[in-house]
Amino acid sequence: MNINIAFNTIIYVMVFLFPGVLFRRIFFSGKFNKTYESGNVFERIMYYLLLSLVSITLFCIFYYYFREITGDIIPVFNHIKADEIIHSFISIYKNEFPSLLKHTESLFQLVNLLLSLYLFSSILGFITKKIIFIFGFEKRWSLFPFLNKWDYLMYSTRANNNRHKIGDAYTSKIDITTENNCFISGRLHEIVFSKEGNVEAYALHDTYKLYYLDKQSAADQAKIEEVKSFIADNNPFYMEYGETGNKYEYLKRVRGNIFTIASNKVLNTSLSFIKVSGIYETIKTISRTAFTILFILSLVFSLSYLFWDYNIIPFTSYIKRVAFCITFLLSVVCFLLLLMNGIDYKKTRKKYWNDLKTCFFLVLLLIAPYYYIFNSLPLLGFLIIQFALLLIYANWNGKIRK
């Protein structure tokens, strides 16, 4: 009798509780997993039961219409009838062993049915999470509130950012002013909370600190010119902030991956959202890339067809024909880039010459294979020239970075 009661309890948990657990676990996955443990035990059990009933109902509806549309495309459940399942639960209620578990075939099908229900509950929880959090429904209905209000403010949504559209990706930037009037800015990595839900610390990456220089001081004036030269050379560790009165303000990168600051040292904070990408920009980028690839491939195949069928140049092997078709197109592109950089005088002098030398080296690297293609050098000689050019370019590029 006790064994039957324990067995029946396990069946009830697997059917009427576990789908709700999976739904809620997936719903509160990722950055909001602490909210999964919110509420007392009785509250969570009621949530699990409610969500399990919703999942079972939607699973039955989904399976019914799926089977009506597709037929018996998945025959694994064909032998399990609704009457058998209901009769099995009646047997469990009477503390009798259910008939579905007496045969190996029906037991296998029942296990597959439960696994399908669990998978459906997990997918349903994931989809519900995306829909509710994207449109901010959890704030209006208060069904799945977060433990801390900061969770609503840390990341861009349509509720706290009126420019946010479906498919947009934003990063959170935070500006912090400390007690000693120090200004720190960077991308928000995480806000660390205590067990009581209070803010303990802020974690930032790509962090910059604000510095002030006096424009009337001779020593600071030399430093200002040095900082401006760093900014003109696109040094990632320096950014210009502005000029106020006799002060020159600039941001300097704080070394390290993650910068943390305790909340008791913070005077105030300011959050802003910076758009990283959007679905429309992504579609445009993919379309342009696809068009460029198709255009280049069409040119390559056109050249290949021209040199193959009309024998304009008598190549000695197919490899040399293919190499010529590819390198000819790329060398023309690099030559055009060399000309365009040569007439671009808007850049700084240093960047102008660096870009010009880079394009020149690329042209040399792509012209060098012609010595092998037209039988002026053997393959070994061509490889030696290519290797020497790469060494010269690597040595020159290393000097530029220093």
- line: Given backbone amide H placed at 1.01 Å from N, residues whose amide H is under 5 Å from that of Phe259, ignoring those fewer than 5 places away on the same chain, are Leu204, His205
- line: With the label point 7 Å along the Cα-to-beta-carbon line of Gln216 and a cut-off under 17 Å to each amide N, the hits in segment 245-263 are 245-249
- prompt: Going by a ≥ b ≥ c, the root eigenvalues of the Cα gyration tensor, does segment 210-286 fall in the rounded group (a/c under 1.5), the prolate group (a/b larger than b/c) or the oblate group?
  reply: oblate
- request: Go ahead and run the numbers for FRET between Phe374 and Ala203, Cβ-Cβ distance against an R0 of 56 Å, rounding to 0.05.
  value: 0.40
- prompt: What accessible surface, in Å², does a 1.4 Å probe find on Tyr170, ignoring ligands, DNA and RNA and rounding to the nearest 10?
  reply: 50 Å²
message: If DNA, RNA and ligands are ignored and the probe is 1.4 Å, what is the ranking of Val332, Val276 by accessible area, most exposed first?
response: Val276, Val332
field: In order through segment 249-266: 3J(HN,Hα) via Karplus (6.51 cos²θ - 1.76 cosθ + 1.60), integer Hz, x for Gly, Pro
entry: 10, 9, 9, 10, 5, 7, 5, x, 7, 10, 10, 10, 9, 5, 5, 6, 9, 9
field: Leu377 long-range amide H proximity, modeled H, under 5 Å
entry: Tyr372
field: Extension gain (nm, one decimal) between Phe108 and Ser287, 0.36 nm per residue minus Cα-Cα
entry: 59.6 nm
message: Could you tell me the calculated FRET efficiency between Thr9 and Asn257, based on Cβ-Cβ distance and R0 = 45 angstrom, to the nearest 0.05?
response: 0.35
- prompt: Which residues in segment 199-214 have a backbone N closer than 19 Å to a point placed 7 Å from the Cα of Thr269 along the Cα-to-Cβ line?
  reply: 199-210
- request: Note the full-extension length gain between Ala232 and Glu43 as 0.36 nm times their separation in residues minus their Cα-Cα distance, in nm to one decimal.
  value: 62.0 nm
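The values are calculated or read from the model by the stated rules, or taken from the named source; none is laboratory data. Only a predicted model underlies this, so the values are computations on that prediction, with no experimental measurement involved. Neighbour counts are summed over all protein chains in view; Cβ atoms, including those assigned to glycine, are modelled from backbone coordinates with ideal geometry. When the accessible area is computed, the model is the full protein with side chains, heavy atoms only, and any ligands, DNA or RNA have been set aside. Shrake-Rupley method; radii C 1.70, N 1.55, O 1.52, S 1.80 Å.
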